[in-house]
Amino acid sequence: MVSENADRLAVLIDADNAQPGIVEGLLAEVAKYGTAHVKRAYGDWTGTSLRGWKQQLLDQSIQPIQQFAYTTGKNATDAAMVIDAMDLLYSDRFDGFCLVSSDSDFTRLAARIRESGLTVYGFGERKTPKPFVAACDKFVYIENLAYDQVSATPAAGSPSPSPPSPAAALKQDTALVNLLRNAVEGGSDEDGWAPLASVGHIITKQRPEFDSRNYGYAKLSELIAATTLFVLDRRSPGDGKPGVIYVRAKRRQDKRPDT
């Protein structure tokens, strides 16, 4: 549920570089970060290559922005999307932007928006060049969005999600283990316990593309538990408030804190 003070977001989709099958999952993900006040998709809608987008545009109330391909080999869609993004940025009506593309041409745009103090969420396939990924505050691979949690099947026309990685494989992933341990250490108190939310924030600052779903787990807590290298503790603040999850590396002395 999005609060009344949710961030106001502009969702800009490079339709030439994205599949219509990911739209429902995309907007569900966007809703985690704020409210989409603007939803636009860019492309040459007079051609046949974007024919599959029509129903998604109607169902999700996405405004199609027409951009003719003036000449072969030049992507006029990118230019139109960048111009619109800058116009929206200067309107001072938004807290963040969601840029949907796997094209590195939007790297400078993402960096420019962040320079203005706004948050940039990038969405693209795993093939997305690293510079664009790094230019975003948070980058989500669309392969992780194409998943129906009810039927447990990939959405039509979308890439398949990653299967859950076993504990043995996770523990052998040195980069992952070091990332998790450093984040827990960075957010921990004197006893080594760190709020899971703080751990997540630290990880995202270091690696915008990090997502527990990359390893087949819906939540960060599930991924951390699957490694079997950490202890998780849910603490209830009382007064009917939801519990807060804390995490600590197992290599520390196993001493449960007073709750």
Q) Tell me, which residue of the stretch 56-74 that is open to solvent by 100 Å² or more (accessible area, probe 1.4 Å) and farther than 15 Å from residue 13 by Cβ is modelled with the highest pLDDT? A) 68
Q) With respect to residue 174, is the statement that it is open to solvent by less than 30 Å² (accessible area, probe 1.4 Å), among the hydroxyl-bearing types (Ser, Thr, Tyr) and modelled with pLDDT of 85 or more true? A) no
Q) In the stretch 195-217, is there at least one residue being over 24 Å from residue 122 (Cβ atoms), open to solvent by less than 60 Å² (accessible area, probe 1.4 Å) and of a type outside the set (Lys, Arg)? A) yes
Q | Any chance residue 77 is in a helix (DSSP H, G or I), open to solvent by less than 70 Å² (accessible area, probe 1.4 Å), modelled with pLDDT under 90 and in contact with a helix residue (DSSP H, G or I) (Cβ under 9 Å, 6 or more places away or on another chain) | A | yes
Q. Say we look at the stretch 109-119 and pick out the residues that are in contact (Cβ under 8 Å) with a residue 12 or more places away in the chain and outside any strand (DSSP E or B); which of these is most open to solvent (accessible area, probe 1.4 Å)?
A. 114
Q. When you go through 151, 158 one by one, which is the residue that is farther than 21 Å from residue 18 by Cβ, at pLDDT below 95, open to solvent by less than 70 Å² (accessible area, probe 1.4 Å) and not in a helix (DSSP H, G or I)?
A. 151
(Q) Of all residues being open to solvent by 50 Å² or more (accessible area, probe 1.4 Å) and part of a helix (DSSP H, G or I) in the stretch 18-29, which is farthest from residue 43 (Cα to Cα)? Just the residue, please. (A) 28
Q. Applying the selection to the stretch 40-55, what residues are more than 19 Å from the chain's Cα centre (by Cα) and either open to solvent by 50 Å² or more (accessible area, probe 1.4 Å) or within 20 Å of residue 123 (Cβ to Cβ) (or both)?
A. 42, 43, 45, 46, 48, 49, 50, 51, 52, 53, 54, 55
(Q) Scan the stretch 73-87 and tell me whether some residue there is touching a Ser or Thr at 6+ places or on another chain (Cβ under 7 Å) and more than 16 Å from residue 142 (Cβ to Cβ). (A) no
Q: Can you work out which of the residues in the stretch 180-194 that are more than 16 Å from residue 225 (Cβ to Cβ) and part of a loop (DSSP other than H, G, I, E, B) is most open to solvent (accessible area, probe 1.4 Å)?
A: 190
Q. Of (1) at pLDDT 95 or above; (2) open to solvent by 10 Å² or more (accessible area, probe 1.4 Å); (3) not hydrophobic (A, V, I, L, M, F, W, C), residue 122 satisfies all except one. Which?
A. (2)
Q: Quick one: residue 37 ticks every box in (1) within 23 Å of residue 78 (Cβ to Cβ); (2) modelled with pLDDT of 95 or more; (3) open to solvent by less than 70 Å² (accessible area, probe 1.4 Å) except a single one, so which number is it?
A: (3)
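The values are calculated or read from the model by the stated rules, or taken from the named source; none is laboratory data. Note that the coordinates shown come from a computational prediction; the quantities given were computed from them, not determined experimentally. Cβ: placed from backbone, ideal geometry, glycine included. Neighbour counts: every protein chain shown. Remember, those area values only see protein heavy atoms, side chains included, never the ligands or the DNA or RNA. Shrake-Rupley method; radii C 1.70, N 1.55, O 1.52, S 1.80 Å.
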